[in-house]
1. Specify which of the listed residues (Tyr326, Tyr335) is under 21 Å from Val19 (Cα atoms), touching a residue at least 40 places away in the same chain (Cβ under 8 Å) and not acidic (Asp, Glu).
2. What helices (runs of 4 or more DSSP H) completely inside the stretch 10-121 contain at least 2 residues that are among the basic types (Lys, Arg) and more than 23 Å from Ser304 (Cα to Cα)?
3. Right, Leu312: more than 16 Å from Arg12 (Cβ to Cβ), open to solvent by 10 Å² or more (accessible area, probe 1.4 Å) and among the hydrophobic types (A, V, I, L, M, F, W, C) or not?
4. Scan the stretch 164-187 and report the pairs whose first residue is of a type in the set (A, V, I, L, M, F, W, C) and modelled with pLDDT of 95 or more and whose second residue is open to solvent by 10 Å² or more (accessible area, probe 1.4 Å) and assigned to a loop (DSSP other than H, G, I, E, B), with Cβ atoms within less than 7 Å and a gap of 6+ or a chain change.
5. I'd like to verify a number: residues in the stretch 1-12 that are crowded, with 19+ Cβ neighbours inside 10 Å and farther than 17 Å from Arg315 by Cβ, how many?
6. In the set Phe308, Phe323, Phe334, which member is within 21 Å of Arg245 (Cβ to Cβ) and not small (Gly, Ala, Ser)?
7. Condition check: in a helix (DSSP H, G or I) and under 21 Å from the mean Cα position of the chain (by Cα). Does Val263 satisfy that?
8. Quick check on this structure: which one of Ala107, Ala65 is of a type in the set (Gly, Ala, Ser) and touching a Lys or Arg at 6+ places or on another chain (Cβ under 9 Å)?
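The values are calculated or read from the model by the stated rules, or taken from the named source; none is laboratory data. Owing to the predicted nature of the structure, the values given are computational and were not obtained by experimental measurement. Every residue, glycine as well, gets a Cβ built from its backbone with ideal geometry; the counts of neighbours run over all protein chains shown. Areas reflect the complete protein model, heavy atoms only, side chains present, ligands, DNA and RNA absent. Shrake-Rupley method; radii C 1.70, N 1.55, O 1.52, S 1.80 Å.
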Amino acid sequence: MKERRYDIDWMRVIAMLGVFVLHCTRFFCTEDWHVKAPVEQQNDIWAVMRGIFLSLWLMEMFFFAAGFATNYVLRRRTTKQYLVERFKRLVIPLYTVGLFILVVPQAYFEGVTHGQLTGSFWQNVPLYYRNLPGQIFSLPNPLYPLSFVPYGFPGHLWFNQMLIVVTVLMLPVLLFLKSGRGLRFIDRLAEWAMRRGGIFLFVIPLFIVRAGLRWIPMTGGRTWGETLWYALYFIYGYIVAGDDRFTESIKRHGWFCLPMWFVFFLGLAGTALFALGFDGGIPGQGLSLGYFLYETAWSVSSWSAMVFLLSLAARYLNHTNKFLAYSNEAVLPFYLFHQTVILIVGWFIVPLEMGVLAKFLLIAVISFPLILLLYEVFVRRINFMRFLFGMTPLKKRLAASEKTS
C-alpha cells in the first residue's frame, strides 16, 4: 500500500473548487441564503443543476477524505496525538479567525437581508461580539450554534463543527476498526466488495440513516440524520484506506455507477419533487412516499457519484506535482476564506443592472483570485497565521514534503 494516495488529495482539491462554484450560484436560486439576487433573477434551475452535479458528493468527499487520512494518521500516532491534531486543525480555526473574524460579515448580511438587523456593518459589529460569548458557552452551541442571528451564526463553518462532532462520535468506531476484530471485519467487507455489485453494500447504512432519521426536525435546520450521514462517509473513507481491494472494486464499478448517479436521482427524486411535491431541501418534514423516494434517490445517487469520481481519480490522478502540493495545502484556508469573500463581492455585484450569467461570472472571477491573495499575503508564509488556520508550521511542512518526495 502506498504511503500516500494522491488521488484522494486531488479529489479534495476538486471538491473545494466545486464548493466555490456552488456558493457562487446560491445568489441566483430560490433557496434562502445570506444574500440574494433580485427575485426576478432567481430560478430553481440553479438548485436543480447544483443538486444533480455537485450537492450529491461535494461535502461527502470532504468527510470521506478526512476518514481516509485518519486511517494513515492512526497508523503512526496514538489516539491522544490524533485528537490533539484534530483540535489544532478544526477547533482552533473555528474559534479564532472563524467565528471572531470570517463569520462576522456573513452574520451581518444574514441579519440585514432577513429583516433582523438595521444600521451599518460597523454599528452592528459590537452587538455580534457582545452576544458571541453567550452563544459559545451555552450548550449545545459550542458544537452546533446553528440557530443564530442575532447572533448564533456559523456560516460555512458548520463543516468544522460537523467534523468535530463526527470525530468525537466516531472515535470508538475507529478504535474498533483499528483492533484485531476490526481488521478482520474490514477484511471480510473487502471480500464482499470484490464481488459483482458488492460495492453497493455501502448504500444500505446510508439509506437507513438518511431515511430513518432525516425526517426528525432539530433546532437550527439540520438533523441528526445528516450528522450520521456524514459520519458514515467519514468511516467509509477510513475503511477504504485500510484495504486496496476496496479501490479495485471502486475502479471496477466506476462506469456502471455513472448512469446510476443520474438515473436514480432524475427518476426517483424527480418524482418526489415534481409529481408528489416533496421539497427534499427542507429536513424535518415528516414521513411520506415522496420522502422515501427522495431519500432512496439521494442515497443511491450520492454513493454512485462518489464511486464514479473515486474510480476516475484512482485510475488517472494517483500522482503528484507542484500544483497539487500547493493546492492541497491551501484547501483548508481557502475553505475558511471562500464564503465570506464570495458574499462580500456578491453584496456589491447582485444589485447591479446586468444579467444573471454576467453577475455569476463576475462574482467568481473577482472572488477566486482575492481568496488566493488573502491566503498568500496573510497566511501561507506566517507561522502564527498558519496555526490559526489549522496548518502545520513551515519547518514541519517542508520536512514532511521532503520525506514523501
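1. Sole residue among the options that is under 21 Å from Val19 (Cα atoms), touching a residue at least 40 places away in the same chain (Cβ under 8 Å) and not acidic (Asp, Glu): Tyr335.
2. Fully inside the stretch 10-121 and qualifying: 58-76, 79-86.
3. Numbers: more than 16 Å from Arg12 (Cβ to Cβ): no; open to solvent by 10 Å² or more (accessible area, probe 1.4 Å): yes; among the hydrophobic types (A, V, I, L, M, F, W, C): yes.
Criteria not met by Leu312.
4. Filtered contacts from the stretch 164-187: Ile186/Gly242; Ile186/Asp243.
5. Counting residues in the stretch 1-12 that are crowded, with 19+ Cβ neighbours inside 10 Å and farther than 17 Å from Arg315 by Cβ gives 1.
6. Values: Phe323 fails: within 21 Å of Arg245 (Cβ to Cβ); Phe334 fails: within 21 Å of Arg245 (Cβ to Cβ).
Going through Phe308, Phe323, Phe334 in turn, just one is within 21 Å of Arg245 (Cβ to Cβ) and not small (Gly, Ala, Ser): Phe308.
7. Numbers: in a helix (DSSP H, G or I): yes; under 21 Å from the mean Cα position of the chain (by Cα): no.
Criteria not met by Val263.
8. Values: Ala107 fails: touching a Lys or Arg at 6+ places or on another chain (Cβ under 9 Å).
Just one listed residue meets the conditions, Ala65.
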